[in-house]
């Protein structure tokens, strides 16, 4: 799981007073994630001599700029489309490395679309904070502790589904 902002792992704060931290693309090495996935699959295959399936790849697409420098994450400081290009780049890179991935023993991967259940985080303790609603392939208008969007209000992210489900594949 990768995101531009999350709780600060060194000082996460409490349920109602989280301490956010933002990373640059360079800090995370996000531009190399497709190659890192290929390397990881090769390592797993060589170490365990088994086929590799990565069941949980997740890339949050929102970004945060602390425009008032208060160290708090305000909704108006979140750009829901800030990293919209990142999943396209990563899944496109995986698509381009398909032959290498198969050679490395990877037979499949499963991108996380969003989250499992809006009630899973009662108390507001999400590691990815507001980015929880901008993971992977889609975003939603879901709200903490509210079931009003459990069956919908989903917005798909760009053309990333083409890389995953084959529209760009031969």
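None of the figures in this text is laboratory data; all of them are computed from the coordinates on show. Not measured: the values here are computed from a predicted model. No Cβ is skipped: glycine too gets one built from the backbone with ideal geometry, and neighbour counts run over all protein chains shown.
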Point to revise | Label-to-label distance, nm, for residues given as residue 154 and residue 66 (7 Å Cα→Cβ offset) | key: 3.4 nm
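Only bridges whose two residues both fall in the range 1-115 count here: according to DSSP, what percent of them are antiparallel, nearest 5? It would help to have the intermediate numbers written out before the result.
Values: 6 of 11 bridges.
Of all bridge pairs located within the range 1-115, approximately 55 percent are antiparallel.
For residue 11 and residue 46, what does the FRET efficiency come to when R0 = 41 Å and r is the distance between their Cβ atoms, rounded to the nearest 0.05?
On the way: r = 37 Å, r/R0 = 0.91.
With a Förster radius of 41 Å, E is 0.65.
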Exercise for review: Order by neighbour count: 1, 112, fewest other Cβ atoms within 10 Å first, most last.
Suggested key: 1, 112
Exercise for review: Work out, step by step, the length gained on full extension between residue 31 and residue 96: first 0.36 nm times the residue separation, then minus their alpha carbon distance; give nm to one decimal.
Suggested key: 22.0 nm
**Study point:** FRET efficiency, residue 107 to residue 19 (Cβ-Cβ, R0 45 Å, nearest 0.05)
**Key:** 0.70
